[in-house]
């Protein structure tokens, strides 16, 4: 009916099937889904920014622990070996397989670091006010690396390795291993607390208000 | 009454979801270049998918790791390591690796191939099922990486001089390539294409 420019902000198209919806004001903990294909469109959650920020800061602490402390160790017939996450990837690069090391380094160290720092960079300005000049680059970065989030898959890999080695050696877990689990848990919770479409919408509300003030 | 952004002469920003008129080149809110659909979606998806399928053959045939224990060295392929898990009574682990390394990649390659062919034929059948198939493919794809992580960990951990050491083989690099390429393929595919054909006919 009314399709003059101002109402465009009231529309949202399903990212998976392109059906147009008129936005509705949601109650707390509600999510809007596409009427045709069921994809999630946007959601509302009270204190989402605060929660996600707190979880991301905890994630940063876990990340620092995860790259500094020993990760796993094995001992077999008197021989012993402990490895750290970063050092083992460095050794893999230098002595065994540079390609494998680059892949594992990106998936387990570089992308998780971008994710946790990116989230913090997005959320701190949002926590203070709705204006986030320049932070859209972090939004895009965090969304781009989302399909490469493999930290929980790595944990399954650790379990498989453990099973494979139990017959030939004793395996022990270091502090970094527990920090890794902590990182996976808090970062999953942080991503669940926020919805990127809703975060973008906050930016727009700020800009529209500014526009009306002029 | 359902209508799509495309039919209404509108375009949805892929980054921030702001709806704009189709004459806009860039998104007003986030500055991204606007596309009605992902550009060259079908061609890129095919390219990634066929490369992944080709690389799956060396990934299966070449050794993924070599275990050296006290002068003896033993190489094993992906399938070989699954069989040795099963024989050492670690059935759940064998099942996990079998599903992650064999079932998921093959399912993903065939599934995306089916989606591509059906979109190119303008098929109108089972649209919702195909949309769900795409969502499922996106969800399971990452889990194939398990075995790559296992080999990387084993190689780093088991370096006990003459007692035992493990070296990576070319097969695991090929397999990692398969997983990465299938993720590129599913990212390049635009699920909205599944829905476009039926709407044209109505």
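For region B:133-174, residues that are more than 8 Å from every other protein chain (Cβ to nearest Cβ), touching a helix residue (DSSP H, G or I) at 6+ places or on another chain (Cβ under 8 Å) and assigned to a strand (DSSP E or B) total 1.
Condition check for residue A:35 on (1) assigned to a helix (DSSP H, G or I); (2) not assigned by TED's automatic domain parsing to the domain that holds residue A:114: one failure, at (1).
Annotation: residue A:147 fulfils all but one of (1) facing chain B (nearest Cβ under 10 Å); (2) crowded, with 20+ Cβ neighbours inside 10 Å; the unmet one is (2). Checking each residue in region B:65-101 for being within 11 Å of chain A (Cβ to nearest Cβ) and over 26 Å from residue B:55 (Cβ atoms) picks out B:69, B:70, B:88, B:89, B:90, B:91, B:92. The requirement of being surrounded by 19 or more Cβ atoms within 10 Å (Cβ to Cβ), at pLDDT 85 or above and either closer than 20 Å to residue B:147 by Cβ or within 13 Å of chain B (Cβ to nearest Cβ) (or both) is fulfilled somewhere in region A:121-128, by at least one residue.
Yes or no, residue by residue, for (1) outside the structural domain of residue B:120 (by TED's automatic domain parsing); (2) surrounded by fewer than 19 Cβ atoms within 10 Å (Cβ to Cβ); (3) over 21 Å from residue B:187 (Cβ atoms):
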| site | (1), (2), (3) |
| --- | --- |
| B:4 | yes, no, yes |
| B:7 | yes, yes, yes |
| B:10 | yes, no, yes |
| B:13 | yes, no, no |
| B:16 | yes, no, no |
| B:19 | yes, no, yes |
| B:22 | yes, yes, yes |
| B:27 | yes, no, no |
| B:32 | yes, yes, no |
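When A:84, A:78 are screened for being surrounded by fewer than 20 Cβ atoms within 10 Å (Cβ to Cβ) and at positive phi, only A:78 passes. Only one entry of B:92, B:39, B:58, B:63 meets the criterion of being in a loop (DSSP other than H, G, I, E, B) and closer than 30 Å to residue B:157 by Cβ, and that entry is B:63. Would you mind stating whether residue B:125 is in the same structural domain as residue B:110 (by TED's automatic domain parsing) and outside any helix (DSSP H, G or I)? Judged against the criteria, residue B:125 is a match. Selection of region A:44-53 for residues being buried (at least 17 other Cβ atoms within 10 Å of the Cβ) and either touching a helix residue (DSSP H, G or I) at 6+ places or on another chain (Cβ under 6 Å) or more than 29 Å from residue A:13 (Cβ to Cβ) (or both) yields A:48, A:49, A:51, A:52, A:53.
The values are calculated or read from the model by the stated rules, or taken from the named source; none is laboratory data. Please read these numbers as outputs of a predicted model, since none were measured by experiment. With ideal geometry, Cβ positions are generated from the backbone for all residues, glycine too; neighbour counts draw on all protein chains shown.
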